[in-house]
Amino acid sequence: MIQINNLHKSYVTGNNSLHVLKGLNLEIEEGEFVSIMGSSGSGKSTLLNILGILDNYDEGAYSLDGHLMQDMNETQAARTRNKMIGFIFQSFNLISFKNAMENVALPLYYKGISRKKRNQMAMEFLEKLGLKEWAHHMPNELSGGQRQRVAIARALISKPRIILADEPTGALDTQTSYEVMEMLKQINDEGITVIIVTHEYDIAAMTQKIIRLKDGVIEEIIKNGDLKSFQAQYNRNINKPEH
Ligand code: ADP
Ligand code: MG
C-alpha cells in the first residue's frame, strides 16, 4: 500500500539546511500495524507527515495505493489524503469550543453532509469508542484518554484506509496509553492500516512491526516474532533510551 524509495527531505531556514531524511526506503502493506521509533529529532514526524501527504519531500518516490505522489497535483493529493487517511496527534487537536460529537462530526461538514446525518454518524462512532454518554461534553470536561478516543472517532468517521498517529499516547498515563493502543489494535483488526510514531518501547511492542529510524534512513525493522530478543537488547541498552 505504501512504497517509498530513496526519500530525501531537508528543512531550509535562512542559510541553514537540515538534511533529515537521507535516502529512506520503506514498504508497508495494507492491514499492517506498525510503529516508527527513533530518537528525538530523528525525523519520525517528518516521515509521518510525508506519508500523510501533509508535507512535501525533495527527492525520491512515494507511491500510495499504486498512485505516485509526484504524478498528483495539489487537488488530487488533497483528495487522496481526505479519502484515505485519518490523523491522530499527541495533543489530540480537538476544537475547544465544540463538544465531543461536533468534533467527531467535523470532517463530514467539509464533505457537505447534512447536520442530522453528521451528528448521527458521530454518535455511532462515539458509541463504538465507549463515549456515548460524553457526546455533549466539551473537550476540557474530558480526561486525556477520553479526548484521545474522541480524536480517534474523528479520524475514523471518514472511513480511512490508513490511520497515522504521531505519539498518540505521548500525553497519557501508562494505563490509558494501553487502552488507546487496544483501540488502535481493534481498528487494525477491522482491516485499517495503522502506523504510529512512539518513543516508548512498551507501546511499540503492541504493534506487529517496529521500524527504527536513524541517521535519516531505516536502520532496522523488527517483526513481531522477534520482539522478545529486541526487548532483551533494549533492556541491555536501557541506559541509552530512545528519547
Ligand atoms: P522527531 O519527530 O523524530 O522528533 P522531526 O521529524 O519532528 O523529528 O524533526 C526532525 C528534525 O527536523 C529536527 O531536528 C527538527 O528540529 C527539524 N524540523 C522539523 N520540522 C521542521 C521545520 N518545519 N522547519 C525546520 N526544521 C524542522
Ligand atoms: Mg515527532
I'd like the distance separating the alpha-carbon centroids of the range 134-158 and the range 1-67, in whole Å. 28
Simple spin-label model, 7 Å along Cα-to-Cβ: Ser114 to Lys132 in nm? 2.3
Size of the range 1-96 as Cα extents on the principal axes (Å, biggest first): 38, 37, 27
Tell me, in nm to one decimal, what length is gained between Ala78 and His19 on full extension, where the rule is 0.36 nm per residue of separation less the Cα-Cα distance? 18.7 nm
Do the sum for the chain: with -39,500 (n - 2.57) for every DSSP H run of n ≥ 4, divided by all residues, what is the mean residue ellipticity at 222 nm, to the nearest 500 deg cm²/dmol? -10500 deg cm²/dmol
How high is the relative contact order of the range 1-123? Use alpha-carbon pairs under 8 Å, at least six apart in sequence, and give a whole percent. 23
Within the range 55-88, whose backbone N sits under 16 Å from a point 7 Å along Cα→Cβ of Glu27? 61-67
Pop the C-beta distance of Glu141 and His67 into the FRET formula with R0 = 41 Å and round what comes out to the nearest 0.05. 0.50
For the chain, calculate the relative contact order in percent as a whole number, restricting contacts to Cα pairs under 8 Å that are 6 or more residues apart. 28
Distance in nm between Ser10 and Thr174 label points, each 7 Å along Cα→Cβ, equals 4.4
Along each of the three principal axes of the Cα atoms of the chain, give the extent in whole Å, ordering the values from largest to smallest. 48, 44, 37
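Since every read-out is calculated from the coordinates, none of them should be taken as a lab result. Nothing here was measured: the structure is a model prediction, and the numbers come from that model. Note that each Cβ is placed from the backbone with ideal geometry, even for glycine, and that neighbours are counted across all protein chains shown.
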